[in-house]
Amino acid sequence: MKKVRLTHKRAESCFVITSLVTLFICMMFTQGFTIFEHTGDNVFHIYVNEQYVGTVEHGEHAEHLLIEARRNVAREKDSLLFMEGNLRIEGEEMIYGTVDDEETVRLAMENVLRGTISETIQKSCTVKIEDYMVNLNNLSEAQRLLQAAIDKYDSTGQFVVELEYGDNHNLKVITPNVVDNNKKDETEADESDRLLPVGGISEYIEELGSNEEAAKGEMKLEDYETGVLSMTFLEDVEISEGYLPKTQVTELQEAIDFVTKEQETAGEYEVKAGDTLSGISLTVNIPMQTLVELNSNSLESINSTLHIGQILTITVPEPEINIERVERIYLEEIYDEPVIYVDNDSWYTTQTQVLQQPSSGFRRAVVDIRYVNDTEKEKTTIAEEILVEAVPKIVERGTMIPPTYIKPIDGGRISSYFGYRKSPGGIGSTYHQGIDWATPTGTPVYASSGGTVIYSGWASGYGYCVTIRHPDGRQTRYAHNSRLVCSVGQYVSQGQVIAYSGSTGNSTGPHVHFEIIINGVRVNPLDYL
């Protein structure tokens, strides 16, 4: 019995030992299982942006894997990417467990990074036109934008935009140049012609001398080449490359439309002698009412008086980029000589006299015309042949500024206009030769313009009246006053108090009667105030 029990115990021990050996062998040959020594942290859990991406055996490889993951995600696009990739490594000591291969961890990292892309930055270029800037996808689009501005005024394709690379302030700055294709071809041909002829240097010098002699001969009008001579940008234009978010890049067609379209910009117009609001309106192509609105601080209505030297605000349509070009033309035309003015310092600018009547001439000419966009700015005659000589007009003109006239009172209400009317109270004229302002008795009456008082006193139906003679020979009259404060022979300045309003003479109520007399004839004062 004892032998049997001993054998049984030995069998159980062998079974246990065999099972442990078998389990150990299985663990050794099963993929992913490793036996670790008790040496501290021996596996590392990897987190990117606090998201678990896997466990590795070597924690120091995690940063390298993240760099490689970033690189792979960046390769997927042709632009720079903003990605958030915060790495955290958590170590642990394990007796046994599973680890991930590094490729699996890297792929998991890439998935996390893709989810953090907030914005892409792409290679782009900026076109700077003075203070205006527009961002485009690449240099090709910048060139096409500028070419579109040129093509607006060149339908033949004669001029093309070429980009020249330079170095400015340690930044690569690209300058666009407008090149004439015709001249470019001529330059290339000239360079090839500079090769010595077969006869050698002596023949070359002889040929060069003969060409110079021929050039000295006078050119005929027919010898001049006509057409567009030059075309360039009026503004300074620079192009620079860089990286920008896609949201800051403008579509090419949108940029072309904006850069070449005329924009409304503020401009100024200085009033000259003889100007009227209607004439200015036609000159600047702006409605009179719009001019009044743009100049509400100086113009009350379309009937407001203009003054020489007055500055009016106008709107001038201009594109962001302006094209300057010079065009040479041949013409046969009737022409006039400029008017010759003879100044007379004793006359007013309103006085003129024609001393010689003009007559037109006829000529053939070669003319250079400078344009900015479609507006002619300057015309220069290069050569001409006069067939019939023109005779200039000669005009004598005054240089003295004539006096101006102002309303003789502040405020008041017009109670009677110039011209035919119904007789007020049966005592007034049916043809009113002045203008009346109803105003309380005692209102100050001002000299409408500077001059000499030629009458101050009682004047029958005018009541107390003042008459002033002005340097231009005109006279003004102020009637129905209650009191006079000037005397005959006295010089009064414009705006000086000369009387106080009343209702003297033939009057139905307190008012000021005002007249302007030119060459003995009373005129409508409202035409001169």
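The values are calculated or read from the model by the stated rules, or taken from the named source; none is laboratory data. Fair warning: this is a prediction, and the values are worked out from it, not measured in the lab. Cβ placement follows ideal geometry from the backbone for every residue including glycine, while neighbour counts extend to all protein chains displayed. SASA here: full protein model, heavy atoms, side chains in, ligands and nucleic acids out. Shrake-Rupley method; radii C 1.70, N 1.55, O 1.52, S 1.80 Å.
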**Asked** When you look at ASP336, is it open to solvent by 50 Å² or more (accessible area, probe 1.4 Å), of a type in the set (Asp, Glu), in contact (Cβ under 8 Å) with a residue 40 or more places away in the chain and touching a Ser or Thr at 6+ places or on another chain (Cβ under 9 Å), yes or no?
**Response** yes
**Message:** Is it the case, given these coordinates, that LEU136 is in contact (Cβ under 8 Å) with a residue 60 or more places away in the chain and either within 30 Å of THR375 (Cα to Cα) or surrounded by 15 or more Cβ atoms within 10 Å (Cβ to Cβ) (or both)?
**Reply:** yes
**Asked** Within segment 109-118, can one find any residue that is modelled with pLDDT under 85 and under 41 Å from the mean Cα position of the chain (by Cα)?
**Response** yes
**Message:** Name the single residue that is most open to solvent (accessible area, probe 1.4 Å) among those in segment 239-277 being touching a residue at least 24 places away in the same chain (Cβ under 8 Å) and small (Gly, Ala, Ser).
**Reply:** ALA266
**Fill in**
Just one listed residue, out of ALA142, ALA149, ALA108, is in a helix (DSSP H, G or I) and closer than 19 Å to TYR243 by Cβ, and it is ALA142
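Within segment 410-417, is even one residue among the aromatic types (Phe, Trp, Tyr), over 44 Å from the mean Cα position of the chain (by Cα) and open to solvent by 50 Å² or more (accessible area, probe 1.4 Å)?
Yes - at least one qualifying residue is present in segment 410-417.
Quick check, is ASN344 at pLDDT 90 or above and either at positive phi or surrounded by 15 or more Cβ atoms within 10 Å (Cβ to Cβ) (or both)? Before you say what the answer is, go through the steps one by one.
Values: at pLDDT 90 or above: yes; either at positive phi or surrounded by 15 or more Cβ atoms within 10 Å (Cβ to Cβ) (or both): yes.
Yes, satisfied.
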**Message:** If GLN147 meets every condition in (1) open to solvent by 50 Å² or more (accessible area, probe 1.4 Å); (2) out of contact with any helix residue (DSSP H, G or I) (no Cβ under 6 Å at 6 or more places or on another chain) apart from one, which number is that one?
**Reply:** (1)
**Message:** So the check is Cβ under 8 Å with 6+ separation or different chains; which pairs have a first residue in segment 98-118 that's in contact (Cβ under 8 Å) with a residue 40 or more places away in the chain and a second one that's basic (Lys, Arg)?
**Reply:** LEU113/ARG70
**Restricting segment 465-474 to residues that are under 50 Å from the mean Cα position of the chain (by Cα) and not charged (D, E, K, R), the residue that is nearest to ILE406 (Cα to Cα)** = HIS470
**Prompt:** In segment 438-495, what residues are assigned to a loop (DSSP other than H, G, I, E, B) and of a type in the set (S, T, N, Q)?
**Reply:** THR439, THR441, THR443, SER448, SER449, SER487, GLN490, SER493, GLN494
**Request:** Answer yes or no: is there a residue in segment 444-464 that is within 50 Å of the chain's Cα centre (by Cα), closer than 20 Å to TYR417 by Cα, surrounded by fewer than 22 Cβ atoms within 10 Å (Cβ to Cβ) and not small (Gly, Ala, Ser).
**Result:** yes
**Message:** Would you confirm, using the coordinates I've provided, whether ILE280 is modelled with pLDDT of 85 or more, part of a helix (DSSP H, G or I) and surrounded by 15 or more Cβ atoms within 10 Å (Cβ to Cβ)?
**Reply:** yes
**Asked** Residues in segment 284-324 that are acidic (Asp, Glu), out of contact with any helix residue (DSSP H, G or I) (no Cβ under 9 Å at 6 or more places or on another chain) and under 16 Å from ALA266 (Cβ atoms): how many?
**Response** 2
**Prompt:** Only one of (1) out of contact with any Ser or Thr (no Cβ under 7 Å at 6 or more places or on another chain); (2) modelled with pLDDT under 95; (3) open to solvent by less than 90 Å² (accessible area, probe 1.4 Å) fails for PHE362. Which number is that?
**Reply:** (2)
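Sort out which residues of segment 365-399 are open to solvent by less than 50 Å² (accessible area, probe 1.4 Å), within 19 Å of GLU333 (Cβ to Cβ) and either without any contact (Cβ under 8 Å) to a residue 12 or more places away in the chain or outside any strand (DSSP E or B) (or both), and write them in order of number.
Step one: list which residues in segment 365-399 are open to solvent by less than 50 Å² (accessible area, probe 1.4 Å), which gives 365-369, 371-373, 383, 390, 392, 394-396, 398.
Narrowing further to those that are within 19 Å of GLU333 (Cβ to Cβ): 365-369, 371, 383, 390, 392.
Residues satisfying the conditions are ALA390, PRO392.
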